[in-house]
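Below you'll find the structure, written out as structure tokens, and then a few comments.
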Amino acid sequence: MSFDTYQLKQFAEKVIPKKYLRVAGLYAMRATIPFYFGKKVACPCCGSKFREFASYGQVKRANVLCRWCLSLERHRSLWLYLHEKTDILSTPVKVLHFAPEHQFQKLLKDADNVDYTSADLDMPTAMVKMDITNITFPDNTFDVIICNHVLEHVPDDAKAMSELYRVLKPGGWAILQTPMSDNPKTIEDITLTDPQERVRLFGQEDHIRTYGLDKKDRLEKAGFEVTLDPFIRKLSSDVVDHYGLMIEDIYLCRKKA
Ligand SMILES: [Zn+2]
């Protein structure tokens, strides 16, 4: 039994209203679970185990999508990191979650120690409608900000970074993951609008840049103290395969206390 989940998703986006899409996708994927009974892979976000994850992606990747919570490699890597390496689930924290991944939204909302706010310009599931370059919270409001795979969409990413820095409390930290390349410099063109050219240059039709190794400098310019945490790289290949993780550095960005 094989599902081309990416093509199915593209079709569904045309025929199902946006606010029902995620739920429709969730239940369609959960219907595949009986065919993939097993324990070879496990999702740290939802605790489910399967014989294999589902395939997904514009360029199809095998064994990547959780059949229960729809997490991908990057979600599972980050959740494992948050769980193992931070105190986000144990200390009282005020959290701002931009473009809220639903896998984390529920987990963080349900955590007793987390005072949780999610925000986005378009997402119907976000609690606050907000432009990341014009954040409507006062300075020094949040202990933690989670903002993943957002900055590569934002024309004025320097403004977005400085706004995130502004609303972070001194001593607070932010996780700001994006797609990365090994190029020394970020490749960007905010004037490019042709979707196919954007896919060719930046990997996705709504991306306007691919960050290079100078992403750290850009974040430091906004004020952050940046650590590239190699936590995921240091895990054994057995653990990486079992959880289906994305191997990447975590951009841990702090505001000096
Ligand atoms: Zn899951």
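The values are calculated or read from the model by the stated rules, or taken from the named source; none is laboratory data. Computed from a predicted structure; not experimentally measured. As a convention, Cβ positions derive from the backbone with ideal geometry for all residues, glycine included, and neighbour counts pool all protein chains shown. Accessible surface areas use protein heavy atoms only, side chains included; no ligands, DNA or RNA. Shrake-Rupley method; radii C 1.70, N 1.55, O 1.52, S 1.80 Å.
Tabulated results
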item	result
Residue within segment 139-154 that is in a strand (DSSP E or B), farther than 15 Å from Phe202 by Cα, open to solvent by less than 10 Å² (accessible area, probe 1.4 Å) and touching a helix residue (DSSP H, G or I) at 6+ places or on another chain (Cβ under 6 Å) present	yes
The lone exception for Ala119 - which of (1) closer than 26 Å to Gln10 by Cα; (2) modelled with pLDDT of 95 or more; (3) surrounded by fewer than 19 Cβ atoms within 10 Å (Cβ to Cβ) it fails	(3)
Top-ranked residue of segment 164-189 - restricted to ones that are open to solvent by 20 Å² or more (accessible area, probe 1.4 Å) and in a helix (DSSP H, G or I), ranked as nearest to Asp229 (Cα to Cα)	Tyr165
Number of positions in segment 68-77 that are open to solvent by less than 10 Å² (accessible area, probe 1.4 Å) and within 8 Å of the ligand (Cβ to nearest atom)	2
Any hit, segment 88-103, residues being in contact with a His (Cβ under 8 Å, 6 or more places away or on another chain), assigned by TED's automatic domain parsing to the domain that holds Val150 and within 14 Å of the ligand (Cβ to nearest atom)	yes
Qualifying positions in segment 28-67 - within 10 Å of the ligand (Cβ to nearest atom) and open to solvent by 40 Å² or more (accessible area, probe 1.4 Å)	Cys46, Gly47, Lys49
Count of residues meeting criterion [closer than 23 Å to Leu107 by Cα and either at pLDDT 95 or above or surrounded by 16 or more Cβ atoms within 10 Å (Cβ to Cβ) (or both)] in segment 3-21	0
Matching option when the condition is more than 24 Å from Met29 (Cα to Cα), more than 16 Å from the ligand (Cβ to nearest atom), in contact with a strand residue (DSSP E or B) (Cβ under 9 Å, 6 or more places away or on another chain) and among the basic types (Lys, Arg), among Lys85, Lys109	Lys85
Test for Leu219: is it outside any strand (DSSP E or B) and either surrounded by 15 or more Cβ atoms within 10 Å (Cβ to Cβ) or not β-branched (Val, Ile, Thr) (or both)	yes
Ile232 being open to solvent by 70 Å² or more (accessible area, probe 1.4 Å) and either farther than 13 Å from Tyr251 by Cβ or in contact (Cβ under 8 Å) with a residue 24 or more places away in the chain (or both)	no
Residues within segment 241-257 that are among the hydrophobic types (A, V, I, L, M, F, W, C) and surrounded by fewer than 17 Cβ atoms within 10 Å (Cβ to Cβ), tallied	3
Test result for Val199, part of a helix (DSSP H, G or I) and farther than 26 Å from Glu84 by Cα	yes
Filter result (without any contact (Cβ under 8 Å) to a residue 40 or more places away in the chain and either within 16 Å of the ligand (Cβ to nearest atom) or open to solvent by 20 Å² or more (accessible area, probe 1.4 Å) (or both)) within segment 127-138	Met127, Val128, Lys129, Asp131, Thr133, Asn134, Thr136, Pro138
Residue within segment 135-145 that is touching a Ser or Thr at 6+ places or on another chain (Cβ under 7 Å) and over 21 Å from Tyr211 (Cβ atoms) present	no
